[in-house]
Amino acid sequence: MPDMAAQMQKLAEFDRPTGLGNFKMTSYLRNGAYAFALSRGTLPVDDLMVRIQSPCLFGESFGVNSCDCAEQLQLALKLGSEADSFLLVYLMDQEGRGLGLFQKIKAIEAEANNDIDMVEAFKLLGLPLDLREYGAAADVIRDLNGDRPIRLMTNNPKKVAGLEEHGISIPERLPLLVSNPSDACRRYLRSKKREMGHLLPDF
């Protein structure tokens, strides 16, 4: 159910051109953390296509391809640009699956120096695999699309469950599968499937 103690503040809303067309961009501040929404089409609408994205500095900004984060973001935006209506929610406080950038950096160091993948690095360091919480995402969805059902783009069933815990109706999950992942990324995806229950094909 919604977190009644959370304070959601809408900061700004404007249209911006991108290589995939124009998107409306809405920025929020919730309990000291920023969240951003990129949307297209008329909202609210039933069965809205939605993607919840966590930041990945190394993948999205530096081009590191041992994870699928950047490719998932670009694929979601491409598919969203082709849909009648679309919403992407970007949660700034979810770097490192909610552990923060410091722990993410230490995990990447362990990954690189021990020839392991990111999931294995988290386990080596004794870190929880996923601390993300989806109250902010649910608040953004509800602000822009009310209580209408959505179709969620994710391979992670825990993300579906996390949003449903906050009252978001998700009758359909849409897979978001990258094509031709690198060898390092394939290893990471296999580990996410095995250790975290992500719904992925065999790589």
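The values are calculated or read from the model by the stated rules, or taken from the named source; none is laboratory data. This is a predicted model, so every value here is computed, not measured. Note that each Cβ is placed from the backbone with ideal geometry, even for glycine, and that neighbours are counted across all protein chains shown.
Brief remarks on what is shown
- Number of the exception - PRO128 against (1) exposed (fewer than 14 other Cβ atoms within 10 Å of the Cβ); (2) more than 22 Å from LYS158 (Cβ to Cβ): (2)
- Residues located in the stretch 121-135, provided they are in a loop (DSSP other than H, G, I, E, B), under 17 Å from SER191 (Cβ atoms) and touching a helix residue (DSSP H, G or I) at 6+ places or on another chain (Cβ under 9 Å): LEU125, LEU127, PRO128, LEU129, ASP130
- Condition check for LEU73: closer than 24 Å to SER182 by Cβ, touching an Asp or Glu at 6+ places or on another chain (Cβ under 7 Å) and either in a loop (DSSP other than H, G, I, E, B) or not small (Gly, Ala, Ser) (or both): yes
- Filter result (under 21 Å from SER85 (Cβ atoms) and not basic (Lys, Arg)) within the stretch 167-203: GLY167, ILE168, SER169, ILE170, PRO171, GLU172, LEU174, PRO175, LEU176
- Residue count for the stretch 109-153 under the criterion of being of a type in the set (Val, Ile, Thr) and at pLDDT 95 or above: the result is 3.
- Within the stretch 160-203, being within 30 Å of ALA112 (Cα to Cα) and in contact with a strand residue (DSSP E or B) (Cβ under 9 Å, 6 or more places away or on another chain) holds for PRO175, LEU176, LEU199.
- Scanning the stretch 166-203 for residues that are in a helix (DSSP H, G or I), acidic (Asp, Glu) and without any contact (Cβ under 8 Å) to a residue 24 or more places away in the chain yields one hit, ASP183.
- When residues in the stretch 7-45 are screened for being touching a Lys or Arg at 6+ places or on another chain (Cβ under 6 Å), touching a residue at least 40 places away in the same chain (Cβ under 8 Å) and under 16 Å from MET92 (Cα atoms), 2 of them pass.
- Condition check for GLN103: in contact with a Pro (Cβ under 7 Å, 6 or more places away or on another chain) and not hydrophobic (A, V, I, L, M, F, W, C): no
- Qualifying residue in the stretch 72-83 (condition: over 21 Å from ALA112 (Cα atoms), over 16 Å from the mean Cα position of the chain (by Cα) and touching a residue at least 24 places away in the same chain (Cβ under 8 Å)): yes
- Leading residue by the ranking (surrounded by the most Cβ atoms within 10 Å (Cβ to Cβ)) among those in the stretch 91-120 that are in a helix (DSSP H, G or I) and among the acidic types (Asp, Glu): GLU111
- Residue ID - surrounded by the most Cβ atoms within 10 Å (Cβ to Cβ), chosen from residues in the stretch 143-163 that are within 17 Å of the chain's Cα centre (by Cα), part of a helix (DSSP H, G or I) and not aliphatic (A, V, I, L, M): LYS159
- Number of residues in the stretch 32-80 that are modelled with pLDDT of 95 or more and on the phi > 0 side of the Ramachandran plot: the value is 3.
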